[in-house]
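Here the structure is laid out as structure tokens; the discussion comes afterwards.
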């Protein structure tokens, strides 16, 4: 007579453990990949926000630049040139509601040694605009003063030696107030 089994054999239990182990290892690998992707996405989002805030701040202030009598609104970079700094005048800064201070001369300077873009004026102490900046380039078009545009490009990274795919680069084009009587920007 055949006896009825009420339990699993040792071989069946071991096979079940092996199968569950293989499935668990696969899931652990997939979860690790998702965690890495989340970390990369969060880091890129932080860098994107850092670049955007710095670019937006410089662009807003540059859009308010206006020339004084007999001078150009932007002194650096010169017409048709590029520079790692931006220096401009705001004669109407005293009544400016969005300006941080009311200095008539504003400068944004990139110091490659410490990877910082600094904002500098006569009334406010030199303050960092953005850190982790590997490139800050301002290019003035070769147009006459009343139609000149300025292109600002900023690149940020957690590590200055990071490969290009771990950096964030943003560019905007600014037309100061002195140009065609109104401020305008083209975000690229």
Problem set entry | Inter-part distance where region 135-177 and region 9-49 are each reduced to a Cα centre, Å | 41
Exercise. Which three lengths, in whole Å and largest first, does region 119-173 cover when its Cα atoms are put on their principal axes?
Worked result: 39, 31, 13
Seminar exercise, completed: Computed over region 40-187, the Cα gyration tensor eigenvalues, each multiplied by 5 and square-rooted, give semi-axes in Å (largest first) of 27, 16, 13
For this session: Let me have the relative contact order for the chain, percent, based on Cα pairs under 8 Å that are six or more residues apart.
Result: 19
Exercise. Using the alpha-carbon atoms, what tilt in degrees (0 to 90, nearest 10) does helix 10-63 show relative to the longest principal axis of the chain?
Worked result: 10
Exercise. For residue 31 and residue 131, what does the FRET efficiency come to when R0 = 35 Å and r is the distance between their Cβ atoms, rounded to the nearest 0.05?
Worked result: 0.60
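None of the figures in this text is laboratory data; all of them are computed from the coordinates on show. On a predicted model such as this, the values are computed, not experimentally measured, just so you know. No Cβ is skipped: glycine too gets one built from the backbone with ideal geometry, and neighbour counts run over all protein chains shown.
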